[in-house]
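Have a look at the structure below, then the notes.
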Amino acid sequence: MSVQHDSSAVSTTPDGCPVSSVTHSPTGCPVSSLAASFDPFRGAYQVNPGDSLKLARKEEPVFYSPVLDYWVVTRYNDIKEIFKNPELFSAAITLEQITPVSEEAIEILDGYDFAPGPTIVNEDEPIHTERRRALMAPFEADEVAKLAPRITEIVNTYIDRFVKRGHADLVDDLFYEVPCIVALIFLGVPDEDIETCRQFGMQQTLFTWGRPPAEEQNRVATGMGQFWEFAGHLVERLKKTPDAPGWIPHAIRVQKDHPDLITDNYLQNIMMSGILAAHETTTNASGNAFRTLLENRKAWERICADPTLIPKAIEECLRYAGSVVAWRRMTTDDTTVGGVEIPAGSRLLIVTSSANRDDSVFPEPDVFDLDRPNARRHLTFGLGTHTCMGATLARQEMRIFIGELARRLPHMRLVEGQQYTYLPNTSFRGPEHVLVEWDPAQNPIPADRP
(Lines give C-alpha, C1' and ligand atoms only; values in the text may rest on other atoms or scores of the structure.)
Protein backbone atom coordinates (compact mmCIF):
# COMPACT_ATOMS: atom_id res chain seq x y z
CA MET A 1 0.00 0.00 0.00
CA SER A 2 1.45 3.39 -0.88
CA VAL A 3 0.68 7.06 -1.12
CA GLN A 4 0.91 8.23 -4.72
CA HIS A 5 0.84 11.82 -5.90
CA ASP A 6 1.99 13.85 -8.85
CA SER A 7 5.78 14.10 -8.80
CA SER A 8 6.16 16.17 -11.93
CA ALA A 9 7.73 19.06 -10.02
CA VAL A 10 10.53 16.88 -8.63
CA SER A 11 13.76 17.02 -10.66
CA THR A 12 15.23 13.52 -10.86
CA THR A 13 18.24 11.65 -12.20
CA PRO A 14 17.69 8.90 -14.84
CA ASP A 15 17.36 6.28 -12.08
CA GLY A 16 14.57 8.27 -10.39
CA CYS A 17 16.56 9.82 -7.55
CA PRO A 18 16.17 13.51 -6.71
CA VAL A 19 18.81 15.70 -8.34
CA SER A 20 21.64 16.09 -5.95
CA SER A 21 25.08 17.10 -5.03
CA VAL A 22 26.44 15.72 -1.79
CA THR A 23 25.52 12.89 0.60
CA HIS A 24 23.08 10.03 0.06
CA SER A 25 19.74 9.11 1.58
CA PRO A 26 18.97 5.62 2.94
CA THR A 27 17.64 4.67 -0.52
CA GLY A 28 21.02 5.40 -2.05
CA CYS A 29 19.78 8.53 -3.76
CA PRO A 30 22.06 11.56 -3.44
CA VAL A 31 20.85 14.41 -1.26
CA SER A 32 20.05 17.68 -3.01
CA SER A 33 21.52 21.00 -1.98
CA LEU A 34 18.03 22.10 -0.86
CA ALA A 35 17.72 19.07 1.41
CA ALA A 36 21.29 19.37 2.71
CA SER A 37 20.72 23.00 3.71
CA PHE A 38 17.49 22.28 5.61
CA ASP A 39 17.95 22.97 9.34
CA PRO A 40 14.77 23.05 11.45
CA PHE A 41 16.56 24.32 14.56
CA ARG A 42 17.63 27.70 13.20
CA GLY A 43 17.34 30.08 10.26
CA ALA A 44 14.34 30.38 7.97
CA TYR A 45 12.40 27.45 9.41
CA GLN A 46 12.39 29.07 12.84
CA VAL A 47 11.36 32.44 11.41
CA ASN A 48 8.46 31.10 9.34
CA PRO A 49 8.38 27.32 8.80
CA GLY A 50 5.62 27.27 6.21
CA ASP A 51 7.15 30.01 4.11
CA SER A 52 10.66 28.53 4.42
CA LEU A 53 9.53 25.41 2.52
CA LYS A 54 7.89 27.24 -0.39
CA LEU A 55 10.66 26.22 -2.80
CA ALA A 56 10.56 22.65 -1.53
CA ARG A 57 6.81 22.43 -2.17
CA LYS A 58 7.49 23.45 -5.75
CA GLU A 59 10.72 21.63 -6.58
CA GLU A 60 11.30 18.85 -4.04
CA PRO A 61 8.17 18.27 -1.93
CA VAL A 62 9.56 15.13 -0.30
CA PHE A 63 13.25 15.08 0.62
CA TYR A 64 15.66 13.33 2.96
CA SER A 65 17.25 15.54 5.63
CA PRO A 66 20.66 14.31 6.77
CA VAL A 67 20.56 16.79 9.68
CA LEU A 68 17.53 15.01 11.13
CA ASP A 69 17.78 11.57 9.51
CA TYR A 70 14.12 12.13 8.59
CA TRP A 71 12.22 12.38 5.33
CA VAL A 72 10.51 15.78 5.19
CA VAL A 73 7.06 16.00 3.59
CA THR A 74 5.79 19.45 2.62
CA ARG A 75 2.66 19.27 0.42
CA TYR A 76 -0.93 19.26 1.64
CA ASN A 77 -2.22 16.24 -0.26
CA ASP A 78 0.75 14.05 0.65
CA ILE A 79 0.40 14.93 4.34
CA LYS A 80 -3.36 14.42 4.24
CA GLU A 81 -2.91 10.91 2.83
CA ILE A 82 -0.33 10.09 5.50
CA PHE A 83 -2.76 11.12 8.24
CA LYS A 84 -5.48 8.98 6.63
CA ASN A 85 -3.29 5.86 6.60
CA PRO A 86 -2.19 5.20 10.22
CA GLU A 87 -1.44 1.54 9.53
CA LEU A 88 1.29 2.40 7.02
CA PHE A 89 2.43 5.56 8.79
CA SER A 90 2.78 4.76 12.48
CA ALA A 91 2.44 7.47 15.13
CA ALA A 92 4.71 5.54 17.53
CA ILE A 93 7.63 8.00 17.22
CA THR A 94 5.57 11.15 17.81
CA LEU A 95 6.93 11.68 21.34
CA GLU A 96 10.42 10.29 20.85
CA GLN A 97 13.30 12.66 21.53
CA ILE A 98 14.32 14.02 18.15
CA THR A 99 17.84 14.50 19.55
CA PRO A 100 19.43 11.45 21.27
CA VAL A 101 19.22 11.66 25.05
CA SER A 102 22.50 11.78 26.97
CA GLU A 103 23.41 8.87 29.23
CA GLU A 104 23.41 11.21 32.22
CA ALA A 105 19.86 12.41 31.45
CA ILE A 106 18.72 8.79 31.14
CA GLU A 107 20.23 8.02 34.56
CA ILE A 108 18.39 11.01 36.05
CA LEU A 109 15.07 9.82 34.61
CA ASP A 110 15.70 6.25 35.79
CA GLY A 111 16.16 7.63 39.28
CA TYR A 112 12.54 8.76 39.21
CA ASP A 113 11.28 5.46 37.69
CA PHE A 114 10.29 7.52 34.65
CA ALA A 115 8.54 5.00 32.40
CA PRO A 116 5.81 6.59 30.28
CA GLY A 117 4.14 4.21 27.88
CA PRO A 118 2.18 5.15 24.76
CA THR A 119 -0.56 7.74 25.07
CA ILE A 120 -3.32 8.97 22.76
CA VAL A 121 -0.98 10.93 20.48
CA ASN A 122 1.55 8.15 19.79
CA GLU A 123 -0.54 4.97 19.85
CA ASP A 124 -1.29 2.82 16.84
CA GLU A 125 -4.43 0.93 15.96
CA PRO A 126 -6.47 -0.81 17.17
CA ILE A 127 -5.76 0.25 20.76
CA HIS A 128 -5.66 3.94 19.78
CA THR A 129 -9.29 4.15 18.66
CA GLU A 130 -10.47 1.96 21.53
CA ARG A 131 -8.88 4.21 24.14
CA ARG A 132 -9.83 7.38 22.32
CA ARG A 133 -13.51 6.41 22.34
CA ALA A 134 -13.38 5.47 26.01
CA LEU A 135 -11.79 8.80 27.01
CA MET A 136 -13.52 11.19 24.60
CA ALA A 137 -16.62 12.26 26.56
CA PRO A 138 -15.07 15.26 28.42
CA PHE A 139 -13.85 16.67 25.08
CA GLU A 140 -17.31 16.80 23.51
CA ALA A 141 -18.54 20.30 22.65
CA ASP A 142 -21.35 20.33 25.21
CA GLU A 143 -18.96 19.40 28.02
CA VAL A 144 -16.31 21.91 26.97
CA ALA A 145 -18.96 24.65 26.77
CA LYS A 146 -19.61 24.23 30.50
CA LEU A 147 -16.13 25.62 31.17
CA ALA A 148 -16.72 28.86 29.24
CA PRO A 149 -17.94 31.00 32.18
CA ARG A 150 -14.99 30.00 34.34
CA ILE A 151 -12.49 30.53 31.53
CA THR A 152 -14.00 33.96 30.84
CA GLU A 153 -13.70 34.92 34.49
CA ILE A 154 -10.06 33.78 34.67
CA VAL A 155 -9.20 35.68 31.48
CA ASN A 156 -10.74 38.88 32.80
CA THR A 157 -9.03 38.51 36.15
CA TYR A 158 -5.69 38.53 34.32
CA ILE A 159 -6.71 41.42 32.04
CA ASP A 160 -7.70 43.41 35.16
CA ARG A 161 -4.08 43.28 36.27
CA PHE A 162 -2.76 45.23 33.28
CA VAL A 163 -5.72 47.00 31.65
CA LYS A 164 -4.92 50.35 33.32
CA ARG A 165 -1.18 50.02 32.75
CA GLY A 166 -1.11 50.95 29.07
CA HIS A 167 1.26 48.17 28.05
CA ALA A 168 1.61 44.41 28.42
CA ASP A 169 3.39 41.32 27.23
CA LEU A 170 0.42 39.24 26.15
CA VAL A 171 2.39 36.01 26.58
CA ASP A 172 3.83 36.68 30.03
CA ASP A 173 0.78 38.52 31.33
CA LEU A 174 -1.99 36.32 29.89
CA PHE A 175 -1.34 33.54 27.39
CA TYR A 176 1.23 31.61 29.39
CA GLU A 177 -0.62 31.16 32.66
CA VAL A 178 -4.30 31.07 31.69
CA PRO A 179 -4.13 28.04 29.35
CA CYS A 180 -2.14 26.18 31.99
CA ILE A 181 -4.77 26.89 34.63
CA VAL A 182 -7.56 25.91 32.22
CA ALA A 183 -5.70 22.70 31.31
CA LEU A 184 -5.41 21.75 34.96
CA ILE A 185 -9.08 22.51 35.63
CA PHE A 186 -10.02 20.40 32.60
CA LEU A 187 -7.85 17.53 33.82
CA GLY A 188 -9.49 17.71 37.23
CA VAL A 189 -6.45 18.84 39.23
CA PRO A 190 -7.54 20.21 42.62
CA ASP A 191 -7.14 23.96 43.02
CA GLU A 192 -4.46 23.55 45.69
CA ASP A 193 -2.22 21.65 43.24
CA ILE A 194 -2.57 24.00 40.27
CA GLU A 195 0.45 26.13 41.17
CA THR A 196 2.72 23.07 41.55
CA CYS A 197 1.60 21.62 38.22
CA ARG A 198 2.04 24.99 36.52
CA GLN A 199 5.71 25.01 37.46
CA PHE A 200 6.23 21.69 35.70
CA GLY A 201 4.17 22.46 32.62
CA MET A 202 6.80 23.57 30.11
CA GLN A 203 9.62 21.09 30.78
CA GLN A 204 9.18 18.79 27.80
CA THR A 205 9.30 20.83 24.58
CA LEU A 206 13.04 21.27 24.17
CA PHE A 207 13.73 17.81 25.56
CA THR A 208 11.49 16.07 23.00
CA TRP A 209 11.46 18.32 19.91
CA GLY A 210 14.58 20.46 20.25
CA ARG A 211 18.36 20.09 20.29
CA PRO A 212 19.33 20.98 23.87
CA PRO A 213 22.94 20.70 25.08
CA ALA A 214 23.72 18.04 27.68
CA GLU A 215 23.42 20.39 30.66
CA GLU A 216 19.98 21.51 29.49
CA GLN A 217 18.93 17.88 29.03
CA ASN A 218 19.94 17.18 32.62
CA ARG A 219 17.95 20.13 33.97
CA VAL A 220 14.86 19.24 31.99
CA ALA A 221 15.21 15.53 32.80
CA THR A 222 15.20 16.39 36.49
CA GLY A 223 12.03 18.45 36.08
CA MET A 224 10.35 15.75 34.02
CA GLY A 225 11.26 13.10 36.57
CA GLN A 226 9.85 15.19 39.40
CA PHE A 227 6.69 15.84 37.37
CA TRP A 228 6.29 12.12 36.60
CA GLU A 229 6.56 11.34 40.31
CA PHE A 230 4.13 14.10 41.23
CA ALA A 231 1.64 12.99 38.55
CA GLY A 232 1.61 9.48 39.99
CA HIS A 233 0.88 10.75 43.49
CA LEU A 234 -1.83 13.05 42.16
CA VAL A 235 -3.57 10.24 40.28
CA GLU A 236 -3.62 8.16 43.48
CA ARG A 237 -5.24 11.05 45.36
CA LEU A 238 -7.82 11.57 42.62
CA LYS A 239 -8.81 7.92 42.87
CA LYS A 240 -10.20 8.77 46.30
CA THR A 241 -12.69 11.22 44.71
CA PRO A 242 -13.70 9.38 41.51
CA ASP A 243 -16.91 11.41 41.09
CA ALA A 244 -15.01 14.68 40.77
CA PRO A 245 -15.19 16.62 37.48
CA GLY A 246 -12.32 16.47 34.99
CA TRP A 247 -10.69 14.23 32.43
CA ILE A 248 -8.52 12.24 34.86
CA PRO A 249 -11.45 11.40 37.19
CA HIS A 250 -13.36 10.36 34.05
CA ALA A 251 -10.45 8.10 33.06
CA ILE A 252 -10.37 6.65 36.58
CA ARG A 253 -14.05 5.75 36.26
CA VAL A 254 -13.36 4.12 32.89
CA GLN A 255 -10.54 2.14 34.52
CA LYS A 256 -12.98 0.46 36.90
CA ASP A 257 -14.78 -1.17 33.98
CA HIS A 258 -11.74 -1.56 31.70
CA PRO A 259 -8.64 -2.10 33.89
CA ASP A 260 -6.67 -3.64 31.03
CA LEU A 261 -7.44 -0.70 28.75
CA ILE A 262 -6.67 2.09 31.24
CA THR A 263 -3.78 1.06 33.48
CA ASP A 264 -2.25 3.04 36.35
CA ASN A 265 0.75 3.79 34.16
CA TYR A 266 -1.58 5.10 31.47
CA LEU A 267 -3.36 7.39 33.97
CA GLN A 268 -0.02 8.78 35.13
CA ASN A 269 1.08 9.25 31.54
CA ILE A 270 -2.02 11.13 30.38
CA MET A 271 -1.89 13.34 33.46
CA MET A 272 1.62 14.45 32.50
CA SER A 273 1.21 14.62 28.71
CA GLY A 274 -2.26 16.18 28.97
CA ILE A 275 -0.87 19.28 30.64
CA LEU A 276 1.68 19.76 27.87
CA ALA A 277 -0.89 19.19 25.12
CA ALA A 278 -3.54 21.48 26.56
CA HIS A 279 -1.22 24.19 27.86
CA GLU A 280 1.58 24.84 25.42
CA THR A 281 -0.34 24.46 22.18
CA THR A 282 -2.99 26.97 23.28
CA THR A 283 -0.38 29.39 24.63
CA ASN A 284 1.46 29.29 21.30
CA ALA A 285 -1.71 29.45 19.19
CA SER A 286 -2.89 32.53 21.08
CA GLY A 287 0.45 34.31 20.80
CA ASN A 288 0.59 33.57 17.08
CA ALA A 289 -3.00 34.72 16.62
CA PHE A 290 -2.55 38.09 18.28
CA ARG A 291 0.68 38.85 16.51
CA THR A 292 -1.11 38.01 13.25
CA LEU A 293 -4.31 39.93 14.00
CA LEU A 294 -2.55 43.07 15.20
CA GLU A 295 -0.20 43.01 12.21
CA ASN A 296 -3.33 42.81 10.03
CA ARG A 297 -4.98 45.84 11.57
CA LYS A 298 -8.04 45.97 9.33
CA ALA A 299 -8.92 42.40 10.27
CA TRP A 300 -8.57 43.25 13.98
CA GLU A 301 -10.78 46.31 13.63
CA ARG A 302 -13.43 44.27 11.81
CA ILE A 303 -13.43 41.74 14.65
CA CYS A 304 -13.73 44.47 17.29
CA ALA A 305 -16.71 45.89 15.41
CA ASP A 306 -18.29 42.49 14.72
CA PRO A 307 -17.42 39.69 17.20
CA THR A 308 -19.34 37.16 15.09
CA LEU A 309 -16.20 37.10 12.90
CA ILE A 310 -14.13 35.54 15.71
CA PRO A 311 -14.67 31.88 14.67
CA LYS A 312 -13.49 32.71 11.13
CA ALA A 313 -10.51 34.57 12.54
CA ILE A 314 -9.51 31.58 14.67
CA GLU A 315 -9.46 29.19 11.72
CA GLU A 316 -7.47 31.55 9.51
CA CYS A 317 -5.00 32.19 12.36
CA LEU A 318 -4.58 28.44 12.83
CA ARG A 319 -3.92 28.05 9.12
CA TYR A 320 -1.70 31.09 8.71
CA ALA A 321 0.36 30.71 11.90
CA GLY A 322 -0.58 27.52 13.70
CA SER A 323 1.03 26.45 16.95
CA VAL A 324 1.73 22.90 15.74
CA VAL A 325 4.30 23.13 12.95
CA ALA A 326 4.88 19.45 12.26
CA TRP A 327 4.04 15.90 13.28
CA ARG A 328 6.16 12.75 13.01
CA ARG A 329 5.44 9.31 11.60
CA MET A 330 7.33 6.08 10.82
CA THR A 331 6.71 3.88 7.79
CA THR A 332 5.76 0.28 8.56
CA ASP A 333 6.46 -0.89 5.00
CA ASP A 334 8.21 0.26 1.84
CA THR A 335 6.09 3.00 0.30
CA THR A 336 6.01 5.95 -2.06
CA VAL A 337 5.16 9.50 -1.00
CA GLY A 338 4.95 12.27 -3.55
CA GLY A 339 6.67 10.08 -6.13
CA VAL A 340 9.64 9.38 -3.81
CA GLU A 341 10.36 5.83 -2.67
CA ILE A 342 10.75 5.55 1.10
CA PRO A 343 11.90 2.35 2.85
CA ALA A 344 10.12 0.64 5.72
CA GLY A 345 11.22 1.93 9.12
CA SER A 346 11.89 5.46 7.84
CA ARG A 347 11.09 8.48 9.98
CA LEU A 348 8.98 11.25 8.47
CA LEU A 349 8.63 14.89 9.52
CA ILE A 350 5.28 15.95 8.06
CA VAL A 351 5.28 19.73 8.11
CA THR A 352 1.67 20.81 8.52
CA SER A 353 2.62 24.50 8.53
CA SER A 354 3.91 23.97 4.99
CA ALA A 355 0.72 22.14 4.00
CA ASN A 356 -1.26 25.10 5.31
CA ARG A 357 0.61 27.35 2.84
CA ASP A 358 0.08 25.03 -0.16
CA ASP A 359 -1.37 27.19 -2.94
CA SER A 360 -3.05 24.19 -4.59
CA VAL A 361 -5.45 24.20 -1.63
CA PHE A 362 -5.31 27.77 -0.29
CA PRO A 363 -5.13 30.49 -2.99
CA GLU A 364 -2.71 33.28 -2.08
CA PRO A 365 -1.66 31.31 1.01
CA ASP A 366 0.74 33.97 2.32
CA VAL A 367 -2.10 36.47 2.64
CA PHE A 368 -4.07 36.56 5.90
CA ASP A 369 -7.69 36.52 4.68
CA LEU A 370 -10.41 36.80 7.30
CA ASP A 371 -12.96 35.75 4.66
CA ARG A 372 -11.07 32.71 3.36
CA PRO A 373 -13.85 30.18 2.66
CA ASN A 374 -11.83 27.02 3.31
CA ALA A 375 -9.57 28.09 6.20
CA ARG A 376 -10.95 25.30 8.37
CA ARG A 377 -9.28 22.76 6.06
CA HIS A 378 -5.95 23.54 7.76
CA LEU A 379 -4.05 20.57 9.17
CA THR A 380 -2.85 22.21 12.39
CA PHE A 381 -4.93 19.83 14.53
CA GLY A 382 -4.07 16.82 12.38
CA LEU A 383 -6.61 14.68 10.53
CA GLY A 384 -8.34 11.33 10.81
CA THR A 385 -8.03 9.10 13.85
CA HIS A 386 -5.27 11.27 15.31
CA THR A 387 -7.12 14.58 15.06
CA CYS A 388 -6.35 16.55 18.22
CA MET A 389 -8.86 15.61 20.93
CA GLY A 390 -8.48 19.03 22.57
CA ALA A 391 -9.25 21.08 19.46
CA THR A 392 -12.65 22.17 20.79
CA LEU A 393 -11.14 23.35 24.08
CA ALA A 394 -8.33 25.22 22.29
CA ARG A 395 -10.80 26.98 19.99
CA GLN A 396 -12.95 27.99 22.95
CA GLU A 397 -10.00 29.49 24.80
CA MET A 398 -8.92 31.40 21.70
CA ARG A 399 -12.50 32.63 21.20
CA ILE A 400 -12.58 33.99 24.74
CA PHE A 401 -9.13 35.56 24.50
CA ILE A 402 -10.02 37.35 21.26
CA GLY A 403 -13.50 38.30 22.40
CA GLU A 404 -12.48 39.77 25.75
CA LEU A 405 -9.44 41.65 24.46
CA ALA A 406 -11.45 43.01 21.52
CA ARG A 407 -14.10 44.17 23.99
CA ARG A 408 -11.78 45.69 26.56
CA LEU A 409 -8.70 46.76 24.54
CA PRO A 410 -9.75 47.27 20.92
CA HIS A 411 -7.26 50.13 20.64
CA MET A 412 -4.17 48.14 21.65
CA ARG A 413 -1.38 47.88 19.11
CA LEU A 414 1.90 46.04 18.74
CA VAL A 415 4.97 47.81 20.12
CA GLU A 416 6.93 48.91 17.06
CA GLY A 417 10.35 47.41 16.38
CA GLN A 418 10.03 44.42 18.70
CA GLN A 419 11.91 41.26 17.76
CA TYR A 420 9.97 38.00 17.97
CA THR A 421 11.80 34.95 19.30
CA TYR A 422 10.74 31.31 19.26
CA LEU A 423 11.89 28.24 21.19
CA PRO A 424 14.05 26.37 18.64
CA ASN A 425 12.40 23.02 17.89
CA THR A 426 10.85 21.14 14.98
CA SER A 427 7.22 20.95 15.96
CA PHE A 428 5.79 23.68 18.19
CA ARG A 429 5.85 27.38 17.45
CA GLY A 430 4.73 30.45 19.31
CA PRO A 431 6.35 33.81 20.12
CA GLU A 432 8.04 33.97 23.50
CA HIS A 433 6.77 37.56 23.87
CA VAL A 434 4.11 39.74 22.21
CA LEU A 435 4.47 43.34 23.40
CA VAL A 436 1.44 45.61 23.08
CA GLU A 437 0.56 49.14 24.19
CA TRP A 438 -2.49 51.41 24.36
CA ASP A 439 -3.79 54.62 25.92
CA PRO A 440 -5.67 53.68 29.13
CA ALA A 441 -7.70 56.86 28.83
CA GLN A 442 -9.36 55.34 25.76
CA ASN A 443 -10.39 52.11 27.48
CA PRO A 444 -14.05 51.54 26.54
CA ILE A 445 -14.84 49.63 29.76
CA PRO A 446 -13.96 50.85 33.27
CA ALA A 447 -11.22 48.90 35.00
CA ASP A 448 -13.72 47.88 37.67
CA ARG A 449 -15.70 45.91 35.12
CA PRO A 450 -19.14 44.56 35.94
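The values are calculated or read from the model by the stated rules, or taken from the named source; none is laboratory data. Keep in mind it's a predicted model, so treat the numbers as computed, not measured. Note that we place each Cβ from the backbone using ideal geometry, even for glycine, and neighbour counts take in every protein chain shown. What goes into the accessible areas is simple: the full protein's heavy atoms, side chains included, and nothing from ligands, DNA or RNA. Shrake-Rupley method; radii C 1.70, N 1.55, O 1.52, S 1.80 Å.
Miscellaneous remarks
- Filtered residue count, the stretch 60-75, keeping only those that are open to solvent by less than 10 Å² (accessible area, probe 1.4 Å) and farther than 14 Å from residue 346 by Cα: 2
- Output for the stretch 148-170, where each listed residue is of a type in the set (Val, Ile, Thr) and open to solvent by 10 Å² or more (accessible area, probe 1.4 Å): 152, 154, 157
- One residue stands out in the stretch 93-110 among those that are open to solvent by 50 Å² or more (accessible area, probe 1.4 Å), outside any helix (DSSP H, G or I) and out of contact with any Lys or Arg (no Cβ under 8 Å at 6 or more places or on another chain): the one that is nearest to residue 126 (Cα to Cα), namely 97.
- For the stretch 349-363, filtered to residues that are part of a loop (DSSP other than H, G, I, E, B) and either among the polar types (S, T, N, Q) or out of contact with any Lys or Arg (no Cβ under 6 Å at 6 or more places or on another chain) (or both), the residue that is farthest from residue 82 (Cα to Cα) is 363.
- Positions within the stretch 415-435 being under 24 Å from the mean Cα position of the chain (by Cα) and aliphatic (A, V, I, L, M), in sequence order: 423, 434, 435
- Residue 387 meets the conditions (1) open to solvent by 50 Å² or more (accessible area, probe 1.4 Å); (2) on the phi < 0 side of the Ramachandran plot; (3) free of Cβ contacts under 8 Å to residues at least 60 places away in the same chain in every case but one. The failed one is (1).
- For the stretch 298-309, a residue qualifies if it is open to solvent by 60 Å² or more (accessible area, probe 1.4 Å) and touching a residue at least 24 places away in the same chain (Cβ under 8 Å), and the qualifying residues are 301, 302, 307.
- Residue list for the stretch 210-251, restricted to those being outside any helix (DSSP H, G or I) and open to solvent by less than 10 Å² (accessible area, probe 1.4 Å): 210
Per-residue answers, yes or no, for (1) open to solvent by 40 Å² or more (accessible area, probe 1.4 Å); (2) out of contact with any Ser or Thr (no Cβ under 6 Å at 6 or more places or on another chain):
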{"site": "336", "(1), (2)": "no, no"}
{"site": "360", "(1), (2)": "yes, yes"}
{"site": "364", "(1), (2)": "yes, yes"}
{"site": "401", "(1), (2)": "no, no"}
{"site": "412", "(1), (2)": "no, yes"}
{"site": "417", "(1), (2)": "yes, yes"}
{"site": "431", "(1), (2)": "no, yes"}
{"site": "441", "(1), (2)": "yes, yes"}
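- Contact map, the stretch 310-333: first residue closer than 15 Å to residue 284 by Cα, second residue of a type outside the set (A, V, I, L, M) and part of a strand (DSSP E or B), Cβ cut-off under 8 Å, separation 6 or more or different chains; pairs are 323/428; 324/428; 325/428.
- Verdict on residue 378 being modelled with pLDDT of 95 or more and over 19 Å from the mean Cα position of the chain (by Cα): no
- In the stretch 56-67, the condition of being acidic (Asp, Glu), touching a residue at least 12 places away in the same chain (Cβ under 8 Å) and in a loop (DSSP other than H, G, I, E, B) is met by at least one residue.
- Condition broken by residue 207, with the remaining ones in (1) in contact with a Leu (Cβ under 6 Å, 6 or more places away or on another chain); (2) buried (at least 19 other Cβ atoms within 10 Å of the Cβ); (3) modelled with pLDDT under 85 satisfied: (1)
- Residue match in the stretch 394-402 (condition: in a loop (DSSP other than H, G, I, E, B) and in contact (Cβ under 8 Å) with a residue 60 or more places away in the chain): no
- Residue, modelled with the lowest pLDDT, within the stretch 270-293, restricted to residues that are open to solvent by 10 Å² or more (accessible area, probe 1.4 Å) and more than 15 Å from the chain's Cα centre (by Cα): 272
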